[in-house]
Each structure stands twice: as C-alpha cells, then as structure tokens.
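Enquirer: Here it is: the structure, laid out below.
The values are calculated or read from the model by the stated rules, or taken from the named source; none is laboratory data. Please read all numbers here as calculations on a predicted model, not as lab measurements. Here the Cβ positions follow ideal geometry from the backbone for every residue, glycine too, while neighbour counts run over all protein chains shown. The protein model used for the area step is the full one, side chains on, heavy atoms only, and it has no ligands, DNA or RNA in it. Shrake-Rupley method; radii C 1.70, N 1.55, O 1.52, S 1.80 Å.
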Amino acid sequence: MIKNYLKIAWRNIVNNKVYSAINILGLAAGMAVALIIALWVVNEYSYDKFLPNYKQLYQVEMNFSSQHDGEHTQSSLAIPLTEVLRKEVPGIKYVAEADYLGWMNHSLLVGDKKLYLGGGATHSDFFKIFQYPFVKGNATSALTETYSIVLTESTAKALFGEQDPMNKYVRVDNSQNLKVTGVLKDIPKNATLQFGYLMPFSYKEQTEGWMKSARTTWTNNSFTAYVALEPGITYAQIAPKIKNIVYQRSVQMRPAHPKVLLHSLADWHLYADFKNGKPVGGFIEYVRLFSIIGLLVLIIACINFMNLSTARSEKRAREVGVRKAIGSQRKDLIFQFLTESILITFIAFLFSILFTQLALPSFNELTQRSISIPYGNPIFWTVMILYVCITGLLAGSRPAFYLSSFNPVKVLKGTIQVGKAAALPRKVLVVVQFSCSIALIISTIIVYQQIQHAKDRPTGYSAERLMMTDMSGDLNTHYEALKNDLLASGLVESVAVASSPVTQIYSHLSLDKWPGKNPGDESVNIGGIWVSNNYFKTLGMTLKEGHDFSSNYKADSSNVILNEAAIKRIGLKNPVNQIITWNGNNRPVRIIGVVKDALMESPFTPVNPAIFAPATGGNSVMYRLSPNTKTHDAIEKLSKIFDKYNPAYPYSYQFVDEEYNRKFNLEVLVGKLAGVFAGLAIFISCLGLFGLAAYVAEQRTKEIGIRKVLGASISQVWLLLSRDFILLVMISCVIASPIALYFLHDWLRKYDYRITIGPWVFVVSAIMALAITLVTISFQAIKAALTNPVKSLRSE
C-alpha cells in the first residue's frame with residue numbers, strides 16, 4: 001500500500017512540475033534557513049561544554065554597589081581573596097589566580113622565529129580545573145616550575161617546527177628563558193578562554209616588581225580567578241561562605257560594599273550581562289531571537305505548501321470522490337496525502353542540505369564561527385529524520401484533512417466549490433506569512449538605524465590616521481628615543497603613551513574624597529588612565545578648563561585631569577585647583593584641568609567618569625600619521641623604527657578607527673543576519689504568492705476572456721487579479737507594525753544611547769512589501785490580461 005502511495009505521490013509531483021518546483025524550492029529554502037540557524041544555536045550552546053566536569057567550574061567575580069551607581073559586577077579582583085578561597089572555604093577543590101588570560105600579549109622568541117600573541121600567567125592548579133588534553137607533559141607538573149611555559153600545538157609548531165619542544169627553551173619578552181614543560185591540544189574554537197601559551201603565576205610574581213605587594217593588597221583588583229567545586233557541592237552551598245570575605249577583611253574596600261560571587265562556566269558565553277549582581281542575559285538573547293526567526297521562516301515555507309496544495313484542491317477533488325466511491329476510508333486518504341507531503345519534504349530536505357553546504361562558508365565568515373554539517377554523526381541524522389517528518393506533517397496537515405473531507409456525491413456531481421471553501425483560510429495564511437516577513441523588514445531597518453546612530457555619535461577624539469602599538473618589551477625603556485625617531489622620520493606628527501589604549505580603560509579605582517562630599521557619600525568607581533604629555537593633543541581631545549600636563553613629570557606628579565563625566569558625578573562647580581583623594585591613597589592630588597568626554601568604552605552607554613594622571617611609560621603608544629602619508633609605505637618604515645628599539649618583538653599595530661568599529665561587531669552581525677533572513681522570508685513568501693497568482697489566473701481564464709471581449713483593458717484585468725493580494729499585504733502591514741514595535745522597543749531599552757522609532761519606518765516597510773508583492777503577481781496578472789480571449793473561450 002505504501003508503495004502505491006509513493007507511486008501516486010511521485011506521479012503528482014511529475015505531472016505538476018511548476019507547482020512542485022515552487023513547493024520544493026520554498027520548503028528547501030525554509031528548511032535550509034532553519035538548519036543553518038539550528039547548527040549555529042547548537043554551536044553557541046556547546047561553548048565550554050567539552051571540558052570534563054564543566055558544571056563544577058566557575059570564575060570568581062565581585063559585585064560593588066552604591067546609592068548613585070547601583071550594583072555592578074566585575075571579574076577583576078585582588079590576589080588575597082584567592083588565598084582565602086583556597087585555604088579557608090570547604091567545598092572548593094581547586095583555585096587558580098591568573099592575569100587576563102588571552103588578553104595579555106607577550107613576545108615568544110626561538111632563534112629567528114618571533115611570535116606576539118595572547119596568553120597569560122596562572123596558578124599550577126589551572127589544568128586541574130580546566131582539564132585540557134595534553135599532547136606532551138601532564139596537568140600535575142606542567143606549571144610547577146617558576147621558569148616554565150606550556151604551549152598549544154599550533155604555537156609549538158610555529159616556534160619549533162617538527163622538532164620536539166619538550167624541555168627546550170622559549171625566550172619570553174626578551175627577558176627570560178622559559179622551559180617548555182607541556183604541549184596542549186589547540187584550544188577548541190567554542191571555548192571562551194583562548195590562549196596560545198600559559199606561564200606560572202609565580203613567574204609573574206618573581207619578575208614583576210609591582211607584583212610583590214599584590215599578594216597582600218586587597219585594593220589591587222587587577223587579577224582574575226577560577227575555581228572548581230568538590231563533586232556534589234553546589235554553588236548555593238558555597239555562596240554564603242564567600243559572599244562577605246572582602247568586606248570583612250578589607251576596611252578600605254568596605255565603602256564599595258564588595259560581595260564575592262561565582263559565575264558558572266556553563267554561562268560564560270551566553271549569560272555575560274549582569275543586573276543587580278546576577279547574570280541575566282547577554283548573547284543568549286540573540287540566540288533566542290534567531291531561533292524564533294528560523295522557526296518563522298520554516299513556518300512561512302510550510303504555509304506556502306498548504307496554500308498551494310489547497311488552492312489546487314479542485315483538481316484533486318474528483319480523485320478523492322472516485323477513491324471514496326470505491327471504498328477508501330478517510331484515514332487512507334489522509335495517510336496518502338501526508339505520504340505525498342513527506343516525499344516532497346524529503347526532496348526539499350536534500351536540496352536544503354545542498355543550499356546549507358553552499359551557504360555555510362559565507363555564514364561562517366559573517367559570524368566568525370567554524371560550523372559544519374556533522375555528516376558522520378548518527379544523532380544528527382536521527383534529528384534530521386524527525387525534522388523531515390515533522391515538517392512534512394506540518395506542511396501537509398491542512399491539505400490532507402481538507403481534501404479528505406470532500407463529499408464524494410457532491411464532488412462527482414460537480415456541485416462542490418472547493419476554491420471558495422478554501423479561500424478564507426488561505427487568505428489568513430498569506431496574511432500570517434507576510435506579517436512575519438514585514439516584521440523582519442522593520443527589524444532590519446531599526447537595527448541598521450541603531451548602529452548608524454551609535455556610529456554617528458561624536459567620539460570626543462579624532463580617529464583619523466591614529467595608530468596604536470602595545471608598549472611591549474624594551475619600548476618603555478627607550479620611549480623617549482622611540483618618540484624622537486618617530487617624529488624625526490616625518491611619518492607621524494604627534495606621539496604619546498598611556499596605560500590603556502584609546503578604545504579601552506584597563507584600570508578602575510575609587511575616588512574617595514573631594515570638596516563638598518557629604519560624610520555619608522560613598523566612593524565613586526572611576527576609570528584610571530596614566531598618560532604622557534601630548535596625550536590629549538595626539539588623540540585630538542579638547543580641554544574644557546585648565547591646562548594639560550607639562551613635559552616635567554616630577555612637577556606634575558601630584559596633578560590630575562578629570563573628564564566631564566567625573567566632574568558631573570561628584571558635583572564640583574569650580575574643579576580646577578580643587579584637591580581630591582583617590583584609590584585609598586592618603587596623598588591628595590590637585591585637579592589642573594577638565595577634558596571633554598570621550599568614548600573609550602561602549603558607544604551605546606554614557607561616558608563613564610575617568611581620571612588622567614601623568615606617567616612616563618604605559619601599555620600603549622599612540623601616534624598620528626602625518627597628512628598625505630601613504631599608509632602602506634608608512635607601516636613599512638615604522639616597522640624598522642620599532643624593530644630598532646624592540647628587536648625581539650614583531651611590529652604590531654592597530655588603527656584606532658578599526659578598533660572602535662569592532663565595538664559594533666555584534667550589532668552589525670545582528671543587522672546583517674536579520675537582513676538576510678528577512679530577504680529569504682520575503683523570497684519564500686513571494687514564491688507562494690507567485691504560485692497562488694498563477695492558480696487564480698488559471699481559474700479565472702474564461703472570466704478574463706469574457707471581460708476582454710466586453711472591453712476590459714489590460715490595467716483593469718491586472719487590478720482585478722491583484723487587488724485581493726494587495727489588500728492582504730496591507731492587512732499584514734497593519735498587523736506586523738505594532739508587533740515589531742513592541743519587540744524592537746524592548747530590544748532598544750538595553751541601549752542608553754538609542755534611537756526613537758519614527759512612523760516613517762513602518763511606511764517604508766509597507767511600501768517595500770507592496771512593491772515586492774506587485775512585482776511578484778504582476779507577471780501572472782499581465783500574462784493573463786494579454787492572453788487572446790478567443791483561445792480561452794474556444795471551448796465555449
């Protein structure tokens with residue numbers, strides 16, 4: 001019986017090539033979109049899950065709160081906290097303090113091979129917490145020697161080629177030779193922590209003078225820490241034991257009301273945004289958003305199938321009547337039509353695999369992922385079989401139950417009017433289709449507007465021709481000579497150095513005392529940047545009041561400059577020459593100037609308070625290329641100057657405008673994906689519309705012929721066939737607009753600096769939808785209007 005059903009289904013597909021092609025192409029496109037999004041969602045959820053016992057792994061974080069700023073969460077903390085967690089909190093198995101792994105770049109030198117890449121320093125228990133597989137060496141001994149280093153496979157190969165790297169030496173930062181005591185398999189791309197090498201934390205303490213006091217200083221929040229809980233221990237059991245450790249042990253930190261918490265490894269990637277001290281969202285919002293979009297696109301494709309199948313029901317009506325007359329039960333007919341639907345869906349699925357394979361390279365480039373179809377995974381194919389069956393049943397359910405319901409007597413007498421009976425549900429489905437598509441169009445426009453709104457926001461500095469290079473190795477020692485050579489070359493017009501790059505603030509501290517502060521006021525969390533003279537000139541920042549730092553560092557050692565946001569936050573009316581105290585230091589400093597606000601962190605939020613202090617060195621050197629300097633030639637010549645003073649490091653640089661634009665990567669990704677999926681949704685909807693228009697034109701061939709004989713013009717015939725579809729799309733616009741407005745308003749609320757949604761967005765989206773609809777149906781309408789009425793009426 002099933003064999004006969006398949007034969008009948010195949011014959012129907014072959015005998016109705018146009019409708020079958022539209023059905024298959026629409027379903028294939030919808031299934032491909034859903035499959036790509038599903039693969040992406042699975043990849044996002046898989047982050048860090050490859051690690052054994054990942055549910056017991058956490059990052060230590062801290063909440064700070066104040067009446068004015070509310071509660072905020074940071075991952076940076078002080079080293080003494082790790083000692084308490086390690087020795088005094090039962091239930092914690094391992095603790096590993098670290099610097100900012102993956103964010104700290106170091107030079108690795110072996111012979112003439114130089115690398116400058118991200119890594120860091122951490123405690124020897126790190127590999128007991130994160131059980132990355134070793135190719136050589138083991139987790140127990142890898143970081144136990146102070147002057148040792150662990151490399152990933154790719155880093156080891158870049159430095160040593162095919163040689164065995166074990167027990168060989170790597171020169172780090174051109175200062176110390178570290179022995180290779182382990183080689184890790186390359187860190188998977190779906191890992192939050194990404195690094196090319198790790199060094200012992202004891203090495204950092206041994207070689208960096210400022211670290212000597214960090215082990216006992218509770219106010220130096222410059223480190224990160226990770227813990228593994230004992231098996232069977234939950235965070236709920238640990239939370240009350242660790243919450244008040246910093247508050248109880250550091251009097252200086254108490255004004256900020258510090259609370260210690262743990263952030264689960266399973267949530268790092270998707271739940272990175274905190275509210276009121278708890279992880280509440282983050283990238284998970286976009287994962288959910290695109291999951292919904294994928295489902296909507298698939299539903300739109302299924303609606304096409306339903307509409308085209310029921311629209312053509314008149315041709316299947318007599319088949320149903322005859323089959324019922326000779327004894328077929330309704331359940332047999334339902335099974336037959338569902339079999340036909342699943343067959344079409346299976347064919348569409350094969351095409352969707354092809355479309356997905358062709359689209360994945362571009363999708364991976366757009367999303368910066370490495371997603372592939374897991375052909376060898378039996379679970380994938382099990383899911384795909386269910387996927388085909390569910391999609392086939394969903395798409396074929398209405399046609400199956402609708403067609404099988406026909407009365408055989410009425411059908412065979414020709415008294416049933418199946419087209420009219422199916423018209424209303426069909427129109428409802430078309431409205432649903434286009435409502436989803438128009439909502440996606442509106443969303444794409446709003447996302448693009450929000451991105452442009454933030455990009456057009458004044459940065460407070462000039463990014464044109466402004467470059468940055470990390471002050472690595474010997475550059476701090478030779479900064480004055482480097483600066484003089486850069487200026488003498490004529491390639492750059494200004495040079496400065498700072499503790500943070502232009503687009504970030506590395507350090508945050510507390511502003512403790514200022515004139516007019518009430519006794520009950522709390523300290524203010526403020527960004528701290530140590531800068532050389534000419535910093536504001538090099539960046540193009542404007543001083544609003546007072547004056548800049550001089551070239552005499554000693555004369556300015558007790559002077560600071562605040563930005564407008566800091567002045568506003570503490571309420572100083574005449575800030576120049578006022579005395580303040582910061583970071584728990586009893587030595588007061590004098591405000592010599594106020595600089596206009598600059599966007600150094602998020603372009604979507606208000607500028608945070610910042611304080612600038614004088615320095616002769618830092619982490620980043622900024623230099624602005626001279627006008628009319630050719631960038632390519634300049635980079636080649638600059639490389640030689642930097643190599644002169646830092647021969648162990650490869651010359652690396654960033655353009656400030658490019659670094660700033662990276663802050664929009666997530667929003668740009670969302671906008672592009674929304675645009676692509678909106679386009680595909682419209683395409684699939686129009687495929688169905690094209691098929692329906694062809695069906696309507698076919699059904700009304702004789703009516704059109706009579707109207708033309710009676711004098712109807714082409715435009716009148718076109719309007720006759722188009723007006724129903726235009727009305728449906730207009731209804732879709734009315735439905736989609738408030739729905740899109742509701743969700744987009746909610747999305748925009750997370751941005752402090754955001755657009756206001758105007759009515760023109762909905763007008764433009766409606767015009768676009770109507771234009772696309774008219775283009776889609778006009779071909780069939782005009783074709784029907786141009787048909788010779790003699791041919792269409794000949795049988796009459």
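Enquirer: Helix 313-325 sits at what angle to the longest principal axis of the chain, using alpha carbons and giving 0 to 90 degrees rounded to 10?
Expert: 60 degrees
Enquirer: Rounded to the nearest 500 deg cm²/dmol, what is the calculated helix-only ellipticity per residue at 222 nm for the chain, with -39500 (n - 2.57) per DSSP H run of length n ≥ 4?
Expert: Computed ellipticity for the chain at 222 nm equals -16500 deg cm²/dmol.
Enquirer: If the limit is 24 Å between Cα atoms, which of Lys455/Lys750; Lys596/Lys663; Lys483/Lys596; Lys278/Lys568; Lys113/Lys136; Lys87/Lys204 go over it?
Expert: Over 24 Å Cα-Cα: Lys483/Lys596; Lys278/Lys568.
Enquirer: Would you work out if segment 56-158 is rounded, prolate or oblate? Take a ≥ b ≥ c from the square roots of the eigenvalues of the alpha-carbon gyration tensor; rounded if a/c is under 1.5, else prolate when a/b is larger than b/c, oblate otherwise. Mind showing how you got there, number by number?
Expert: Values: a/c = 2.75, a/b = 1.58, b/c = 1.74.
Because a/c hits 1.5 or more and a/b fails to exceed b/c, segment 56-158 counts as oblate.
Enquirer: Expressed as an acute angle from 0 to 90° and rounded to the nearest 10, what is the orientation of the C-alpha long axis of helix 378-403 relative to the principal long axis of the chain?
Expert: 40 degrees
Enquirer: Moving on to the next point. Quick check: from the Cα gyration tensor, does the chain come out rounded (a/c under 1.5), prolate or oblate?
Expert: Cα axes put the chain in the prolate bin.
Enquirer: Can you give the net charge of the other residues whose Cβ lies under 15 Å from the Cβ of Val170, counting K and R as +1 and D and E as -1?
Expert: Residues near Val170 contribute +2 overall.
Enquirer: Follow-up. In Å and from the alpha-carbon atoms only, list the Rg and Dmax of segment 151-291.
Expert: Answer for segment 151-291, Rg first and Dmax second: 19.9, 56 Å.
Enquirer: Can you give the Rg and Dmax of segment 588-628 based on its C-alpha atoms, in angstrom?
Expert: Cα-based Rg and Dmax for segment 588-628 come out at 14.1, 45 Å.
Enquirer: If you find the alpha carbon centre of segment 560-600 and of segment 738-764, how far apart are they in angstrom?
Expert: 37 Å
Enquirer: Classify segment 549-611 from the C-alpha gyration tensor, please: rounded if a/c falls under 1.5, else prolate or oblate depending on whether a/b exceeds b/c.
Expert: Prolate shape, in that a/c is at least 1.5 and a/b is the bigger ratio.
Enquirer: Charges only on Cβ, +1 for Lys and Arg, -1 for Asp and Glu: so what's the dipole of the chain about the Cα centre, in debye to the nearest 20?
Expert: With only Lys, Arg, Asp and Glu charged at Cβ, the dipole is about 3620 debye.
Enquirer: Now, a different point. With every protein chain left in place, what is the accessible area per residue of segment 209-293 in square angstrom, probe 1.4 Å?
Expert: Values: 4160 Å² over 85 residues.
Using a 1.4 Å probe on heavy atoms only, each residue of segment 209-293 averages 49 Å².
Enquirer: So, in Å, what gap is there between the alpha-carbon centers of segment 603-667 and segment 430-497?
Expert: 11 Å
Enquirer: Let me ask something additional. Rounded to the nearest 0.05, what FRET efficiency do Gln716 and Lys640 have when you use their Cβ-Cβ distance and R0 = 56 Å?
Expert: Efficiency computed from Cβ-Cβ geometry: 0.15.
Enquirer: Turning to a different aspect of this structure: How far is the Cα center of segment 41-115 from the Cα center of segment 334-386, in Å?
Expert: Here the two parts' Cα centres lie 38 Å apart.
Enquirer: Below 17 Å, Cα to Cα, which aspartates and glutamates can Lys554 reach? Residues fewer than 8 away in the same chain don't count.
Expert: Glu480
Enquirer: Nearest 10 degrees is fine. How inclined is helix 2-15 to the longest principal axis of the chain, computing both from alpha carbons?
Expert: 90 degrees
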